[in-house]
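First comes the structure, then the notes that go with it.
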């Protein structure tokens, strides 16, 4: 597979799709692909006439001191996996194409970006929203496919699309997990064998929250207290957040009455992991 790396070539491709009245699906990724990414590609291939996968490690969503330099880059393996599932069109832009000299425009993310990840990574969602909007514009996609694992990111992108009248629909696909419940993540490869065992406590904690709520517990404070204690007892090294929130606004749910989402972010060793579960 020969990836596309010029905008002119990408536009020639999408112009042809449009003239043939073909629908275009987009799967934006940062590479280091796993089954979670591939499930999005398969969904796009099933629903859309044509699918474009992008691979770009976006520097603007990493703050100083985060793992930009260490983030896994496995382009050859990624292309092999994409070819195996039937993807034909992969856009791999250079950073200078996305952020050319003199680039100075960025998206101010919507209100839903201010909490949770926004508190601990305050520049993150501006970088995410900016690059996603650029990829939407470059690909001219009808539908973009994202995974539920990055729940808040999906909320941010959905709000941006609505607020800015972007002509790309956002499709959210389920979290893909290992057989033992660990949510697939490119950062899982940072974990050694013992840390991976510890990481299982994230999903177990979310399952416990679901059991509490379905059994009638509706006190958000009590639930969150149990969440945090279970994570600590399970061996995580630190917790950024563990909350039960409104699934649309991500405002903390003090009283559980209807659908909620439980979200958490915790460090296992030096690796920051996130997970979530929609309940109700």
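Only the coordinates and a few stated rules stand behind these numbers; no lab work does. Just so it is clear, the structure is predicted and the values come from calculations on it, not from any experiment. Note that we place each Cβ from the backbone using ideal geometry, even for glycine, and neighbour counts take in every protein chain shown.
Looking at the chain as a GNM with Cα springs under 10 Å, which of 187, 171, 18 has the largest mean-square fluctuation?
Ranking 187, 171, 18 by mean-square fluctuation puts 18 first.
Between the helical axis of 7-19 and the dominant principal axis of the chain, each derived from Cα atoms, what acute angle in degrees is found, rounded to the nearest 10?
Relative to the chain, helix 7-19 is tipped by roughly 90 degrees.
What does the highest-first list of 101-114, 46-59 look like by mean Cβ count within 10 Å?
On the way: 101-114: 13.9, 46-59: 20.1.
Result, highest mean first: 46-59, 101-114.
Report the antiparallel proportion of the DSSP beta bridges in the chain as a percent, rounded to a multiple of 5. Walk me through the numbers before you get to the answer.
On the way: 19 of 36 bridges.
Among the beta bridges of the chain, antiparallel pairing accounts for roughly 55 percent.
Roughly how many Å is it from the Cα centre of the stretch 89-139 to that of the stretch 216-246, as a whole number?
Rounded to whole Å, the Cα centres lie 30 Å apart.
For a footprinting-style exposure proxy, rank 267, 241, 151 by other Cβ within 10 Å, fewest first. Present the calculation step by step, with values, prior to reporting the outcome.
Details: 267 13, 241 19, 151 25.
Sorted ascending by nearby Cβ count, the order is 267, 241, 151.
Between the stretch 250-280 and the stretch 191-212, how many Å separate their Cα centres?
Computed from Cα coordinates, the inter-centre distance equals 13 Å.
Could you tell me the convex hull volume per residue, in Å³, taken over the Cα atoms of the stretch 37-107?
Working: hull volume 9.2 nm³, N = 71.
That works out to 130 Å³ per residue.
How long are the semi-axes of the ellipsoid equivalent to the chain, from square roots of 5 times the Cα gyration tensor eigenvalues, in whole Å, largest first?
Details: eigenvalues 219, 82, 68 Å².
Square roots of five times the eigenvalues give 33, 20, 18 Å.
Relative to the longest principal axis of the C-alpha atoms of the chain, give the angle of the C-alpha long axis of helix 220-233, reported between 0 and 90° and rounded to the nearest 10°.
80
Quick one: divide the alpha-carbon radius of gyration of the stretch 7-173 by 2.2 N^0.38 Å and tell me what you get. It would help to have the intermediate numbers written out before the result.
Working: Rg = 15.4 Å, N = 167, 2.2 N^0.38 = 15.4 Å.
Rounded to two decimals, the normalised Rg is 1.00.
Does anyone have the angle between helix 35-47 and the longest principal axis of the chain? Alpha-carbon axes, 0 to 90°, nearest 10?
Compared with the principal axis, the helix lies near 50 degrees.
For the chain, what relative contact order do you get, as a whole percent, if you take Cα pairs closer than 8 Å and at least 6 residues apart? Working shown, then result.
On the way: 468 pairs, mean separation 46.5, N = 280.
Normalised by residue count, the contact order of the chain is 17 percent.
Give, in whole angstrom and from largest to smallest, the semi-axes √(5λ) of the equivalent ellipsoid of the stretch 1-72, with λ running over the eigenvalues of the Cα gyration tensor.
On the way: eigenvalues 146, 51, 18 Å².
Equivalent ellipsoid semi-axes, largest first: 27, 16, 9 Å.
As a test of the definition: which semi-axes, in Å, follow for the stretch 132-280 when you take the square root of five times each eigenvalue of its alpha carbon gyration tensor? Largest first, please. Don't skip to the answer; put the middle values down first.
Values: eigenvalues 158, 87, 29 Å².
Listed largest to smallest, the semi-axes of the stretch 132-280 are 28, 21, 12 Å.
Residue 1 to residue 70: FRET efficiency via 1/(1 + (r/R0)^6), r the Cβ-Cβ distance, R0 25 Å, to the nearest 0.05?
Numbers: r = 26 Å, r/R0 = 1.04.
The computed FRET efficiency comes out at 0.45.
Using 0.36 nm per residue of separation minus the Cα-Cα distance, give me the extension gain between residue 179 and residue 246 in nm, one decimal. Can you show the working numbers first?
Details: separation 67, 0.36 × 67 = 24.12 nm, distance 2.83 nm.
Going from the current span to full extension adds 21.3 nm.
Given the DSSP H assignment, sum -39500 (n - 2.57) over each helix run of at least 4 residues in the chain and divide by its residue total; what's the result at 222 nm in deg cm²/dmol, nearest 500? If you can, show how the numbers build up before the last one.
Numbers: 9 runs with 110 residues, N = 280.
Rounded to the nearest 500, the figure is -12500 deg cm²/dmol.
So, in nm, how far is label residue 222 from label residue 238 when the simple model puts each one 7 Å beyond its Cα toward the Cβ?
It is 3.2 nm.
For residue 23 and residue 63 in one chain, what is 0.36 nm times their gap in residues minus the Cα-Cα distance, to one decimal in nm? Mind showing how you got there, number by number?
On the way: separation 40, 0.36 × 40 = 14.40 nm, distance 3.56 nm.
Result: 10.8 nm gained on full extension.
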